[in-house]
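Engineer: Take this structure, written in structure tokens, and hold onto it; I'll ask about it next.
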Amino acid sequence: MLAGLAIATAAPALARAQASPPPAALTAAATDVATSDAIVAALYDVISDDAGVPRDWNRFRSLFHPSAKLIPIGTPAEGPSTATSLSPDDYIARAEPFLMRGFHEREVARRVETFGHMTHVFSTYESRHAAADETPFARGINSIQLFDDGTRWWIVSVYWQGETPTIPLPPAYLPGA
């Protein structure tokens with residue numbers, strides 16, 4: 001119990017010490033961070049475009065809290081699943097070559113829970129190589145944690161898993177549920 005009390009009383013001071021604003025060059029567009037809906041829409045928008053079209057990585061970085069993480073779940077055919085923790089810059093380095101081949105991801109369903117300054121968005125997505133592709137090549141769920149500091153919204157983490165033959169999307173997380 002005393003350890004819990006020490007953690008509870010130290011947490012606000014620790015949070016203040018670790019929080020820092022993003023560099024001025026990465027100030028987010030007010031329309032991107034005005035609401036939880038806007039920041040999720042901006043996230044999908046900034047990673048989606050046609051083959052050969054560079055992404056606006058400064059816009060991408062501006063959406064994320066300085067301590068943010070992106071965490072994909074890997075599901076190999078053999079062996080245990082993995083979770084890899086990436087900074088926004090790590091994500092850019094890993095994802096950019098793939099995204100430059102043409103990548104459009106869009107949200108098709110959403111569940112949202114909010115308490116105080118934190119919001120959790122369970123966002124079902126479909127991925128296509130071109131916006132006009134009729135059938136997605138991938139689907140999954142983005143678990144997006146958001147923080148409202150009173151002046152803007154921040155992405156704290158994006159944790160996602162793609163659908164596989166052995167892990168299909170549950171009907172509750174599909175459109176119309």
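The values are calculated or read from the model by the stated rules, or taken from the named source; none is laboratory data. Note that the structure is a prediction, hence the values are computed from the model and not measured. Quick reminder, even Gly has a Cβ in these numbers, built from the backbone with ideal geometry, and neighbours come from all protein chains shown. Heavy atoms of the whole protein, side chains included, go into the accessibility calculation; ligands, DNA and RNA do not. Shrake-Rupley method; radii C 1.70, N 1.55, O 1.52, S 1.80 Å.
Engineer: Return the loop-located GluC sites (Glu not before Pro) in the range 74-177 (DSSP other than H, G, I, E, B) with at most 15 other Cβ atoms within 10 Å of their own Cβ; answer none if there are none.
Structural biologist: Glu78, Glu134
Engineer: Where does the chain land at 222 nm, in deg cm²/dmol rounded to the nearest 500, when only DSSP H runs of n ≥ 4 count, each adding -39500 (n - 2.57), divided by all residues?
Structural biologist: Roughly -8500 deg cm²/dmol at 222 nm, from the helical runs in the chain.
Engineer: Next question. With the other protein chains left in place, how much accessible area per residue, in square angstrom, belongs to the chain at a 1.4 angstrom probe?
Structural biologist: Heavy-atom accessible area per residue stands at 58 Å².
Engineer: Any idea how far the Cα center of the range 151-168 sits from the one of the range 130-146, in Å?
Structural biologist: When both Cα centres are located, 11 Å separates them.
Engineer: Estimate the FRET efficiency between Arg111 and Thr27 by the formula 1/(1 + (r/R0)^6), using the beta-carbon distance for r and 41 Å for R0, to the nearest 0.05.
Structural biologist: So, using R0 = 41 Å, E works out to roughly 0.85.
Engineer: Taking log10 I(q)/I(0) by the Debye sum over Cα atoms at q = 0.10, 0.13 Å⁻¹ straight from the coordinates, which label in (i) -1.04, -0.99; (ii) -0.44, -0.73; (iii) -0.41, -0.65 is the correct one?
Structural biologist: Step by step, log10 I(q)/I(0) by the Debye sum over Cα atoms at q = 0.10, 0.13 Å⁻¹ for this structure corresponds to label (ii).
Engineer: Could you run the Karplus curve 6.51 cos²θ - 1.76 cosθ + 1.60 with θ = phi - 60° over the range 86-101 and give me ³J(HN,Hα) per residue in whole Hz, x for Gly and Pro?
Structural biologist: For the range 86-101, the Karplus curve yields 10, 7, x, 5, 4, 4, 4, 4, 7, 8, 3, x, 5, 5, 5, 7 Hz.
Engineer: Here is a further query. Over the range 74-177, what relative contact order in percent results from Cα pairs under 8 Å that are six or more residues apart?
Structural biologist: Relative contact order for the range 74-177 comes out at 20 percent.
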